[in-house]
Amino acid sequence: MGYAVLPMAVQQDILIACCKNDLNMINIANIDDKTFPEFHVKVTEYSIEKGGPWHNYFLCGFRGIVEQLGLTSPVGMDVMMDGTVPMAAGLSSSSALVCCSGLATMYANGGHLSKIDIANVCAWCERYIGTEGGGMDSSISFLAEMGQAKLIEFEPKLNASTVPIPPGVNFVVANSLVEANKARGDSEYNKRVVQCRLAAQVIASVRGLSWQDKRRLCDIQTALSLSREQMLSVVDEVLHPEPYTREELTKILGVSDAELVEFSLKSKNESTLDMTSFKLHDRAAHVFSEAERVYSFQRICGEGAPNAAVVSSGEWQIF
């Protein structure tokens, strides 16, 4: 987590019908039982398989709430699930499942958490599946309002502000039908996180900062006391557009390959450990430009612009 985001929710959802059982069992079933087979496990004997089958996402939410509430004897649960969020389509079906699981587990065990708190829990507990995710998906799942977007900021703590969408503006979400499972071992998801981390570390090293403890590009901006626009210039000055190699990175950072793995390449699964090519310039430029675009769009919405395309400095800008 780091820079602010500006998401909005879609109508598609995940639904869970749940009741307690006296067997200390988690019994998970899905309306579509051919695609999603049943799963059964004792409440104290489950494990979460990184990149594993669908029920592992339910277990992420279950474990997150159990840990957050400090439950030593969570109740058994009989769960029936259904959903209309397309799988692996970039619409956060996995996060929706984790959030729904967390909510069901909280209520089944008589817990009480605010929307902000449960959003925080579901953001970090989804990482048990092996993804280096942020907090946007879980936050908007719990904090969304009809017809509104939300400016969600993570520093110094999670905060959400309503951003009214101007009248006449429509957003078209199209499903390409190309699936991308972000928890799969060969997914690019965690690799992008590692590349952003390395971009931050290389910039820190070149600019004379301690880099070993740097994990996020927003931390570099803070350390350099520069604006987001100025950071785009730093990216162009420090990072070359061509992909970096492992050997190049070890020379820049002054470390061995083993130390590069320890300080930079480790993630929630092992898919990042053998990376050999790193698009540091493009990743960093994307992060800083998107961070700036978030606040630009918030400003435009606040001005009541009639559509999402506005003229700025004589040029069309699409937000």
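The values are calculated or read from the model by the stated rules, or taken from the named source; none is laboratory data. Being a predicted model, the structure only gives us computed values, none of them experimental. Cβ: placed from backbone, ideal geometry, glycine included. Neighbour counts: every protein chain shown. Calculation scope for accessible area: heavy atoms of the full protein, side chains included, ligands and nucleic acids excluded. Shrake-Rupley method; radii C 1.70, N 1.55, O 1.52, S 1.80 Å.
Quick check, is residue 43 more than 27 Å from residue 158 (Cβ to Cβ) and crowded, with 17+ Cβ neighbours inside 10 Å?
Details: more than 27 Å from residue 158 (Cβ to Cβ): yes; crowded, with 17+ Cβ neighbours inside 10 Å: yes.
When the stated conditions are applied, residue 43 passes them.
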Whichever residue in region 146-156 is open to solvent by 30 Å² or more (accessible area, probe 1.4 Å) and either under 16 Å from the mean Cα position of the chain (by Cα) or touching a residue at least 24 places away in the same chain (Cβ under 8 Å) (or both) and, among such residues, is farthest from residue 2 (Cα to Cα):
148
Restricting to region 146-171, give me the number of residues that are part of a strand (DSSP E or B) and not hydrophobic (A, V, I, L, M, F, W, C).
7
Could you please tell me which pairs satisfy a Cβ distance under 6 Å, a separation of 6+ or placement on different chains, a first residue in region 36-47 that is under 17 Å from residue 20 (Cα atoms), and a second residue that is open to solvent by 50 Å² or more (accessible area, probe 1.4 Å)?
42/24; 43/24
Of the residues in region 134-145, those that are open to solvent by 10 Å² or more (accessible area, probe 1.4 Å) and assigned to a loop (DSSP other than H, G, I, E, B) come to 134, 144, 145
Meets criteria (within 30 Å of residue 164 (Cβ to Cβ), small (Gly, Ala, Ser), under 24 Å from the mean Cα position of the chain (by Cα) and at pLDDT 95 or above) for residue 289
yes
Filter pass, residue 35 being open to solvent by less than 20 Å² (accessible area, probe 1.4 Å) and among the hydroxyl-bearing types (Ser, Thr, Tyr)
no
Do you know which residues across region 97-129 are within 12 Å of the chain's Cα centre (by Cα) and either of a type in the set (Gly, Ala, Ser) or not in a helix (DSSP H, G or I) (or both)?
119, 123
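Checking the condition surrounded by fewer than 21 Cβ atoms within 10 Å (Cβ to Cβ) and modelled with pLDDT of 90 or more, which residue from 98, 79, 75 passes?
Numbers: 98 fails: surrounded by fewer than 21 Cβ atoms within 10 Å (Cβ to Cβ); 79 fails: surrounded by fewer than 21 Cβ atoms within 10 Å (Cβ to Cβ).
The unique qualifying residue is 75.
Please find, among 271, 289, 264, 210, the residue that is in a helix (DSSP H, G or I) and either under 30 Å from residue 168 (Cα atoms) or open to solvent by 50 Å² or more (accessible area, probe 1.4 Å) (or both). Let's see the steps before the verdict.
On the way: 271 fails: either under 30 Å from residue 168 (Cα atoms) or open to solvent by 50 Å² or more (accessible area, probe 1.4 Å) (or both); 264 fails: either under 30 Å from residue 168 (Cα atoms) or open to solvent by 50 Å² or more (accessible area, probe 1.4 Å) (or both); 210 fails: in a helix (DSSP H, G or I).
Answer to the selection: 289.
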Here the residues within region 237-253 that are assigned to a helix (DSSP H, G or I) and touching a residue at least 24 places away in the same chain (Cβ under 8 Å) are 238, 246, 249, 252, 253
